[in-house]
Amino acid sequence: MHEDVLGMYGVTSQSAEHITNIILDILIRCNLDIKYCRGQGYDGAATMAGHASGVSTRITSLCKKAFYTHCNAHSLDLALQDLTRTSLSVSIALNMTNDIVNFMRESPKRLNLLDTLSGLDSYTKLTPLCPTRWTVRSSSLNVLLINYSLVKMR
């Protein structure tokens, strides 16, 4: 399998029909024939995956071999969110991380001091936990761990 980013496009409507038309337009502009499509991967939202009139159903009606599968990354995110809800220690750790990051980010003075003391580049600055994508939280946690000794001193 080979994947390429074809671009980023604005969406003015969240309807399955509109999104399908955008996808088809992109394929035409890139000189890609829909008949060669062999797979589709989306989140489980009804607009994308709906079996009656979702994007996947509309694409499959144009190309029977364009098999739909629920995005693995999104499935992992959902599983991790469920796991987090059932583990008290993980839930406490994430809440504490969020509180620490928010506390530091609320004050330009604290952030400036942390930047000065750490001497780290912009990729290692404290960032809030992503509220919707659990797997993205790892970078926030790693940055807090890198800076923990400095945060703890203050």
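Looking at the calculated P(r) for segment 74-153, what percent of the C-alpha pair distances fall above 17 Å? In whole percent, the share of Cα-Cα pairs in segment 74-153 beyond 17 Å is 47. From largest to smallest, the equivalent ellipsoid semi-axes obtained for the chain from the alpha-carbon gyration tensor read 41, 19, 13 Å. Ordering Ala66, Ser56, Ile22 by the projection of their Cα atoms onto the charge dipole of segment 16-70, which places +1 on the Cβ of Lys and Arg and -1 on the Cβ of Asp and Glu, puts Ala66 at the extreme positive end. At an R0 of 25 angstrom, the distance between the Cβ atoms of Ile146 and Asn95 translates into a FRET efficiency of 0.80. Close lysine pairs were tallied over the chain: pairs 8 or more places apart or on different chains with Cα atoms under 26 Å apart number 5. Rg/Rh for segment 16-70 stands at 0.94; both radii use Cα atoms, and Rh follows the Kirkwood definition. Here is how the number arises for the chain: DSSP H runs of 4 or more residues each give -39500 (n - 2.57), the sum is divided by the residue count, and the result at 222 nm is -17500 deg cm²/dmol. Projecting the Cα atoms of Gly119, Leu78, Ile92 onto the charge dipole of segment 74-153, computed from C-beta unit charges around the Cα centre, puts Gly119 farthest toward the positive end. Charges were assigned to the Cβ only: +1 to each Lys and Arg, -1 to each Asp and Glu. The resulting dipole of the chain about its Cα centre is roughly 200 debye. Among Met96, Met8, Met104, Met48, the order by Cβ neighbours within 10 angstrom, fewest to most, reads Met8, Met96, Met104, Met48. Compared with the dominant principal axis of the Cα atoms in the chain, helix 137-153 is inclined by about 10°.
Computed from the coordinates by the stated procedures, all read-outs in this text should not be read as laboratory data. Just so it is clear, the structure is predicted and the values come from calculations on it, not from any experiment. Here the Cβ is made from the backbone with ideal geometry for all residues, glycine too, and neighbour counts use every protein chain on show.
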